[in-house]
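Just below is one structure, and these are the notes that go with it.
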Amino acid sequence: MDRATFACSTAFFRDYSSSSHTAFCLPTGHVDFIEKVDSFSYSDFFRDYLIPNHPCIFSAKFTEGWGSRRNWVTWDGKPNFDYLLQKFGEAVVPVANCDVREYNSNPKEQIPFKEYINYWKEYIRNDYRSSRGCLYLKDWHLSRAFPEQDVYTTPVYFTSDWLNEYWDTIGVDDYRFVYMGPKGSWTPFHADVFRSYSWSANICGRKKWLLYPPGQEENLKDRQGNLPFDVTAPSLQDSSVYPRYTQSQPPVEILQEAGEIVFIPSGWHHQVYNLEDTISINHNWVNGCNVAIMWCFLQDELAAVQREINEWKDPMDDWHLQCQLIMKSCTGIDYKEFYNFLKVIAENRISILEKGLDDEALAKNTPKAAISTLGMLHAVFDLKRTVKVLTSLSANEDFKKLDLTSLSPPPEALLHHLKAAIDTALL
């Protein structure tokens, strides 16, 4: 991060509020296409897309060196089933049925990868029809299962990735996925986990994206406040069910070609179609630009849980703890883990600022190496955003009702250390 970008980010977030961020995201109908790798810097992306929370498309030149683009695709641009079976045939993968609705998603099952490829080949031979329905391999943690494989390298623009930095540190999970599906497979209307950013690279095939900026989804809700499963369904035009649909704006539409990367901003709801047999690589990620949005999302989720079980508040001694447990089961995180998330992010940056990295450590593909590569000012920016959110968390009444004695260091001590590290770095 250069000094001009640091100054720009400081000025923006000084006046930042979630409402102003939403207003800043209203669609223009145009999505920028980034053509050349050598003329587009990290600071360009940070300033023009991360801060204003705008989508963009990266050309296929940004992925042309990836192993997956060389090896997973045949000469005519189709999935290379033989190669994929050779490398991953014995894996067990999550597969969704696009023809079946289960609440607000498609039901999933775990099947052998070789069974899925055999299904896919038969599905193509039968003119994209099957008694099993349209099956879509989704949310496969391939990088975690096959770390030795030469699949892709995360572009520098997406390397300030707090979600995967944290979950790699604790060794529990990650938010790096591979998707594979036939023509006609699709993902229903949704916003990404924790209202995170996402990037999605097509290894082969084509996708159509329908995007709605934050706030626009409110006009798509039914009378009970539920979002639609399919934003293209004719039933949305029934004003007795969807009273505000006529007030909604048309979606921002993206056609994504093979090799291209789509950046989906934080909190943008979207629906996605595979127009051809398609393979893609997807990451969800959070950083200093949208961690406050993640924190707002968690507060909204907890409030929804509290409303749902409010009648048990008086007779249940540990009602606040139960609310946290329910929220974690639904979202994957509770307030105490969110504190630990902020702590890991903060301590990694404090370590870089205070101790630096030697050449050997810099050469490794680690979170600290990525932090160091982005520069001292980026680490300071991250710490300043962490202070802002941690201050809000520490003052939150629901957080203060929890048993915080297990948190080490205590929130007040961590905040003090953060502020001191920022002051020292800026001397």
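Of all DSSP-defined beta bridges confined to the chain, some 95% are antiparallel rather than parallel. Of 90, 354, the order by accessible heavy-atom surface (1.4 Å probe, DNA, RNA and ligands excluded), from most exposed downward, is 90, 354.
Within the stretch 107-139, report the chymotrypsin sites (Phe, Trp or Tyr not before Pro) that DSSP leaves as loop and that have at most 15 other Cβ atoms within 10 Å. Can you show the working numbers first?
Details: sites: 113, 116, 119, 120, 123, 128, 136; in loops: 128.
Answer by residue number: 128.
Along the Cα-to-Cβ line of residue 86, 7 Å from the Cα, sits a label point; which residues in the stretch 131-172 have backbone N less than 16 Å from it? Of the residues in the stretch 131-172, 149-151 have backbone N under 16 Å from the label point off residue 86. Rounded to the nearest 20 debye, the dipole magnitude of the chain is 440 debye, with +1 charges on Lys and Arg beta carbons, -1 on Asp and Glu beta carbons, and the Cα centre as origin.
For residue 208 and residue 419, FRET efficiency with R0 = 51 Å and r from the beta-carbon atoms, rounded to 0.05? Let's see the in-between values first.
On the way: r = 47 Å, r/R0 = 0.92.
Plugging the Cβ-Cβ distance into 1/(1 + (r/R0)^6) gives 0.65.
Local charge sum around residue 76 (other residues, Cβ-Cβ under 13 Å, Lys/Arg +1, Asp/Glu -1)? Write down the numbers at each step before the final one.
Working: positive: 78; negative: 276, 277.
That works out to -1.
For the stretch 234-352, averaging the sequence separation of C-alpha pairs within contact (under 8 Å, six or more residues apart) and dividing by the residue count gives a relative contact order of 13 percent.
If I take every Cα pair under 8 Å that is 6 or more residues apart in the chain, average their sequence separation and divide by the length, what percent do I get for the relative contact order? Present the calculation step by step, with values, prior to reporting the outcome.
Working: 672 pairs, mean separation 74.9, N = 427.
So the answer I get is 18 percent.
Under the classification rounded if a/c is under 1.5, otherwise prolate if a/b is larger than b/c and oblate if not, where does the stretch 164-286 fall, given a ≥ b ≥ c as square roots of the Cα gyration tensor eigenvalues? Cα axes put the stretch 164-286 in the oblate bin. Per residue, the accessible area of the stretch 254-315 comes to 33 Å² when a 1.4 Å probe rolls over the protein heavy atoms. Rounded to the nearest 20, the size of the Cβ-charge dipole of the stretch 282-380 about its Cα centre is 320 debye, with Lys and Arg at +1 and Asp and Glu at -1.
Tell me which of 302, 286, 274 sits at the most positive position along the dipole axis of the stretch 266-317, charges placed on C-beta atoms (Lys, Arg +1; Asp, Glu -1). Of the candidates, 286 comes out farthest on the positive side.
When the Cα atoms of the chain are enclosed in a convex hull and the volume is divided per residue, what value in Å³ results? List each step's numbers first, then the result.
Details: hull volume 70.4 nm³, N = 427.
So the per-residue Cα hull volume is 165 Å³.
Each part reduced to its alpha carbon centroid, the stretch 51-84 and the stretch 189-215 end up 16 Å apart. The label-point distance for residue 325 and residue 308, in a model that sets each label 7 Å from Cα toward Cβ, rounds to 1.5 nm. Quantify, in whole percent, the carbon and sulfur part of the accessible surface of the chain (1.4 Å probe; protein heavy atoms only). Ligands and nucleic acids excluded, carbon and sulfur give 49 percent.
For the stretch 312-371 versus the stretch 119-155, the inter-centroid distance based on Cα atoms is 31 Å.
Report, in deg cm²/dmol and to the nearest 500, the calculated mean residue ellipticity at 222 nm for the chain, where each DSSP H run with n ≥ 4 adds -39500 (n - 2.57) and the sum is divided by the residue count. Let's see the in-between values first.
Details: 16 runs with 165 residues, N = 427.
So the calculated ellipticity at 222 nm is -11500 deg cm²/dmol.
Computed from phi, the 3J(HN,Hα) profile of the stretch 404-419 under the Karplus parametrisation 6.51, -1.76, 1.60 (θ = phi - 60°) reads 9, 5, 7, 7, 9, x, x, x, 5, 5, 5, 4, 4, 5, 4, 5 Hz, with x in place of Gly and Pro.
In what order, largest first, do 141, 378 sit by accessible area if the probe radius is 1.4 Å? Each step should come with its number before you reach the end.
Working: 141 40, 378 5 Å².
Greatest to least solvent exposure: 141, 378.
Take the residue pairs 36/364; 108/328; 36/61 and return only those whose Cα atoms are more than 18 Å apart. Can you show the working numbers first?
Details: 36/364 27 Å; 108/328 21 Å; 36/61 7 Å.
From the list (36/364; 108/328; 36/61), the Cα-Cα distance tops 18 Å for 36/364; 108/328.
In sequence order, the stretch 177-190 has phi-based couplings of 9, 10, 10, 9, x, x, 3, x, 6, 7, 10, x, 4, 6 Hz under the Karplus curve 6.51 cos²θ - 1.76 cosθ + 1.60, θ = phi - 60°, and Gly or Pro positions carry x.
Which whole-number percentage describes the relative contact order of the stretch 1-136, with Cα contacts under 8 Å and a sequence gap of 6 or more? Don't skip to the answer; put the middle values down first.
On the way: 113 pairs, mean separation 22.7, N = 136.
The value is 17 percent.
What number comes out for accessible area per residue over the stretch 1-147 if the probe is 1.4 Å? Units Å², please.
Details: 7890 Å² over 147 residues.
On a per-residue basis, the stretch 1-147 sits at 54 Å².
Note on residue 12 and residue 395: the model spin-label points, each 7 Å out from Cα along the C-beta direction, lie 2.4 nm apart.
The values are calculated or read from the model by the stated rules, or taken from the named source; none is laboratory data. Bear in mind that the values here come from a model prediction, so they are computed numbers and not experimental data. With ideal geometry, Cβ positions are generated from the backbone for all residues, glycine too; neighbour counts draw on all protein chains shown. To get the accessible areas, we keep the full protein, side chains included, count just its heavy atoms, and leave off ligands, DNA and RNA. Shrake-Rupley method; radii C 1.70, N 1.55, O 1.52, S 1.80 Å.
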